[in-house]
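A.B. asks: Sharing a structure, written as structure tokens. Questions coming.
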Amino acid sequence: AVLVAGFHRRIAENLLGGVRSRLAASGLPDGHLDEVWVPGAYELPLAAQTLAVTGRFAAILSVGAVVRGETPHFNYVCDAAASGLLRVSLDTGVPCTFGVLTCDTYGQAEARAGGAIGNKGEEAADAAVAMANLVATHRAAGEGNRPG
């Protein structure tokens, strides 16, 4: 699944495009990616937890952008999103990638969402595939070693 923080919609759409193209190139068949939009980055952890506990997803990607403003709000939102997604990963065992841009300017976000610096949505997809494979491999290897 991919969660998309929609506050900076154009940036989010570009990141989502990177996720889609990279997962398709990785072999994910059409129709096998659930896309869920949330209002902003702060809402990502609850959405990730809601999806993770279903047991339906090998990984949950999160993409979006938080752009620094004139107040400390940026710091709280970024910390809550990153910490919350990490907690969901650790609590559920479902990898949750952090493809949320945390930029000082909107131009920096544009450069990282399909611009001069590339598309960080692609990197979030790569991380999700790698972690989903790691978890699946080690869970399968450990199944015969459980007491009981």
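A.B. asks: Quick check on this structure: which one of 4, 19 is assigned to a strand (DSSP E or B) and under 17 Å from residue 100 (Cα atoms)?
C.D. replies: 4
A.B. asks: Just one of the numbered conditions (1) in contact with a strand residue (DSSP E or B) (Cβ under 8 Å, 6 or more places away or on another chain); (2) open to solvent by less than 70 Å² (accessible area, probe 1.4 Å); (3) free of Cβ contacts under 8 Å to residues at least 40 places away in the same chain is not true of residue 24; which one?
C.D. replies: For residue 24, the failing item is (1).
A.B. asks: Quick one: would you say residue 45 is of a type outside the set (A, V, I, L, M) and either touching a strand residue (DSSP E or B) at 6+ places or on another chain (Cβ under 9 Å) or not in a loop (DSSP other than H, G, I, E, B) (or both)?
C.D. replies: Yes: the conditions hold for residue 45.
The values are calculated or read from the model by the stated rules, or taken from the named source; none is laboratory data. Because the structure is a prediction, the values reported are computed rather than measured. Cβ sites come from the backbone with ideal geometry, for glycine too, and all protein chains shown count toward neighbours. Keep in mind that these areas ignore ligands, DNA and RNA; they rest on the heavy atoms of the full protein, side chains included. Shrake-Rupley method; radii C 1.70, N 1.55, O 1.52, S 1.80 Å.
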